[in-house]
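What follows is one structure encoded as structure tokens, with my remarks underneath.
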Amino acid sequence: MDKRELVKRLKKRCNGADFITKSEIAAAFNCKKSDVANKYVSGLMKFRGGYYDIEEVADRIMQGAR
């Protein structure tokens, strides 16, 4: 999976929005606990109530996948 496909998958999970929560990240990968997303959002800027920029999250996931 490349970054473009990953961004598409994450945006689909949050109805096309540019921001996503930890629980939505986990759900995109069929995980029930949002704790699995902690390693991908650690150190990223959090927006209004726990939303993260999907592009930044996708970058982190791709770095972890290598």
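Laid out as a table, the results:
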| read-out | value |
| --- | --- |
| Summed residue charge, Cβ within 9 Å of I54's Cβ, Lys/Arg positive, Asp/Glu negative | -3 |
| Net lengthening on full extension, Q63/A27 (0.36 nm per residue, minus Cα-Cα) | 11.0 nm |
| Percentage relative contact order, the chain, counting C-alpha pairs under 8 Å, at least six apart | 34 percent |
| ³J(HN,Hα), Karplus 6.51/-1.76/1.60, whole Hz, each residue of segment 6-15, x for Gly, Pro | 5, 4, 4, 5, 5, 5, 4, 5, 10, 6 |
| Residue among A26, A37, A17 with the largest mean-square fluctuation in a Gaussian network model of the chain, springs linking Cα atoms under 10 Å | A17 |
| Proxy reagent accessibility, fewest Cβ within 10 Å first, across R60, R4 | R4, R60 |
| Sum of side-chain charges, T21 neighbourhood, beta-carbon under 11 Å (Lys, Arg +1; Asp, Glu -1) | +3 |
| Using θ = phi - 60° and Karplus 6.51 cos²θ - 1.76 cosθ + 1.60, couplings along segment 34-45 (whole Hz; Gly, Pro as x) | 6, 4, 5, 7, 4, 5, 8, 9, 4, x, 7, 6 |
| Estimated Rh, segment 3-65: Kirkwood, alpha-carbon pairs, angstrom | 11.3 Å |
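Every number here is computed from the coordinates shown, using simple stated rules; none is lab data. Everything quoted here is computed from the prediction, not taken from an experiment. In this analysis, Cβ positions are derived from the backbone assuming ideal geometry, glycine residues included, and neighbour counts consider all displayed protein chains.
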